[in-house]
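Undergrad: Pasting a structure below so you can have a look.
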Amino acid sequence: MRRVSSAGADVAAEARAAVARLAPESGVTVQVVWFDAGPDAPGRLLVVVHHLAVDGVSWRILLPDLRQAWESAAAGGPVRLDPVGTSFRRWAGLLGERAQDPALLEELPYWTETFANPEPPLGSRPLNPVQDTAGTARRLTVTLPGAYTAPLLSSVPAAFHGGVDDVLLGALALAVRQWRETRGVDAGGGVLVDLEGHGRDGDRAGAEVDLSRTVGWFTRVHPVRLDVT
């Protein structure tokens, strides 16, 4: 833990420095900075954790635990946190075993076929790893009125017995198909996307697991070909 005086401390600069000190290749995935305001004022705690160690859901576990631990210690009592149901190590082991399940191995042709058709580029040329980087990317932000967003969050998903993500993915597939057709690009193969999820689905490990209090990077990504023909 790094300790600094909060008087005149640049919190943003300390945060950037903490991020720079992360080195997952060397096992450094956490940095903690305590901003000491002295005996008469509350300090501030900065916690920086690499995404390899935590996903977005993990913070919902860490923050209440930090508060509970602080309040217990401040009251002079022992720090007791709620138990963890399934450890990350145990979950990873179960997932590895599950991957060899004959029933899942039978699905391999389906996943192979998902990548069978080449995916045409969205732009006028293939991506250039030298030119097309995060530094050269541009962003476009569009704000939609409530007349569009209200049905998106309510009646439209209900009509299709799905969720908001399903509607958005369908709209994306339709938009890309139209974009390709106007440019004379074959749009018959659908749109191939990487679909990301929180990854805390217990049944994926092939056993009864409880990940509600497990900290780790469970994020999963799988390919989906959206065919709207």
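Undergrad: Which of the peptides 100-110, 36-46, 219-229 is most tightly packed, and how do the rest follow, going by the mean number of other Cβ atoms within 10 Å of each residue?
TA: On the way: 100-110: 9.4, 36-46: 10.9, 219-229: 13.1.
Order by mean packing, descending: 219-229, 36-46, 100-110.
Undergrad: Moving on. Towards the positive end of the charge dipole of the chain, with charges on Cβ (+1 Lys, Arg; -1 Asp, Glu), say which of Gly77, Ser212, His198 has the farthest Cα.
TA: Gly77
Undergrad: Starting with the highest mean, order 184-195, 113-124, 72-83, 137-148 by the number of other Cβ atoms within 10 Å, averaged over the residues of each peptide.
TA: On the way: 184-195: 14.2, 113-124: 11.0, 72-83: 9.5, 137-148: 6.1.
Descending packing order for the listed peptides: 184-195, 113-124, 72-83, 137-148.
Undergrad: Further question: When the chain is fully extended, how far beyond the present Cα-Cα distance does Asp210 get from Asp165, taking 0.36 nm per residue of separation? Mind showing how you got there, number by number?
TA: On the way: separation 45, 0.36 × 45 = 16.20 nm, distance 2.52 nm.
Taking 0.36 nm per residue and subtracting the Cα distance, the gain is 13.7 nm.
Undergrad: Right, next: Could you give the length gained on full extension between Leu172 and Leu127, defined as 0.36 nm per residue of separation minus the Cα-Cα distance, in nm? Working shown, then result.
TA: Working: separation 45, 0.36 × 45 = 16.20 nm, distance 2.01 nm.
Taking 0.36 nm per residue and subtracting the Cα distance, the gain is 14.2 nm.
Undergrad: Can you tell me the length gained on complete extension of the stretch Ala37 to Arg139, counting 0.36 nm per residue apart and subtracting the Cα distance? Please list the in-between numbers first.
TA: On the way: separation 102, 0.36 × 102 = 36.72 nm, distance 3.95 nm.
Going from the current span to full extension adds 32.8 nm.
Undergrad: So for segment 80-229, averaging the separation of alpha carbon pairs under 8 Å that are six or more residues apart and normalising by length, what relative contact order in percent results? Walk me through the numbers before you get to the answer.
TA: On the way: 120 pairs, mean separation 57.1, N = 150.
Rounded, it is 38 percent for segment 80-229.
Undergrad: Once you sort the root eigenvalues of the Cα gyration tensor of segment 51-155 as a ≥ b ≥ c, which label holds: rounded (a/c under 1.5), prolate (a/b larger than b/c) or oblate (the other case)?
TA: On the way: a/c = 2.11, a/b = 1.38, b/c = 1.53.
Oblate.
Undergrad: Classify segment 109-181 from the C-alpha gyration tensor, please: rounded if a/c falls under 1.5, else prolate or oblate depending on whether a/b exceeds b/c. Mind dumping the intermediate values first?
TA: On the way: a/c = 2.59, a/b = 1.36, b/c = 1.90.
Note, shape of segment 109-181 comes out oblate.
Undergrad: Between Gln68, Gln178, Gln131, where does the largest GNM mean-square fluctuation fall for the chain, given springs only between Cα atoms within less than 10 Å?
TA: Gln131
Undergrad: Using only the heavy atoms of the protein chains and a 1.4 Å probe, how would His50, His161, His198 rank by accessible area, largest first?
TA: Numbers: His50 50, His161 170, His198 95 Å².
Largest to smallest exposure gives the sequence His161, His198, His50.
Undergrad: When ligands, DNA and RNA are left out and all protein chains stay put, how many square angstrom of accessible area per residue does the chain have with a 1.4 Å probe?
TA: Details: 16240 Å² over 229 residues.
It amounts to 71 Å² per residue over the chain.
Undergrad: (1) 28, 24, 19; (2) 41, 26, 20; (3) 45, 28, 17: which one is semi-axes √(5λ) of the Cα gyration tensor in Å as calculated from this entry?
TA: Looking at semi-axes √(5λ) of the Cα gyration tensor in Å for this model, the match is (2).
Undergrad: For the pair Arg67/Leu152, report the inter-label distance in nm, with labels modelled 7 Å from Cα in the Cβ direction.
TA: Placing both labels 7 Å along Cα→Cβ, they lie 3.1 nm apart.
Undergrad: List, in order, the whole-Hz ³J(HN,Hα) value for each residue of segment 118-126 obtained from phi through the Karplus relation with A = 6.51, B = -1.76, C = 1.60 and θ = phi - 60°; use x for Gly and Pro.
TA: Calculated HN-Hα couplings, in order: x, 9, x, x, 6, x, 7, 8, x Hz.
Undergrad: Return the distance in nm (one decimal) between the two label points of a simple spin-label model at Ala99 and Asp10, each offset 7 Å from Cα along Cα→Cβ.
TA: A separation of 4.4 nm, rounded to one decimal place.
Undergrad: What percentage of the solvent-accessible surface of segment 1-110, computed with a 1.4 Å probe over protein heavy atoms, is contributed by carbon and sulfur atoms?
TA: Values: 4430 of 7670 Å².
So the carbon and sulfur contribution to the accessible surface is 58 percent.
Undergrad: Could you tell me whether segment 1-70 comes out rounded, prolate or oblate from its Cα gyration tensor? Rule is a ≥ b ≥ c as square roots of the eigenvalues, rounded for a/c under 1.5, then prolate if a/b exceeds b/c, otherwise oblate.
TA: Working: a/c = 2.51, a/b = 1.32, b/c = 1.91.
Oblate, because a/c is 1.5 or more while a/b does not exceed b/c.
The values are calculated or read from the model by the stated rules, or taken from the named source; none is laboratory data. Only a predicted model underlies this, so the values are computations on that prediction, with no experimental measurement involved. Cβ: placed from backbone, ideal geometry, glycine included. Neighbour counts: every protein chain shown. Note: areas computed on protein heavy atoms with side chains; ligands, DNA, RNA excluded. Shrake-Rupley method; radii C 1.70, N 1.55, O 1.52, S 1.80 Å.
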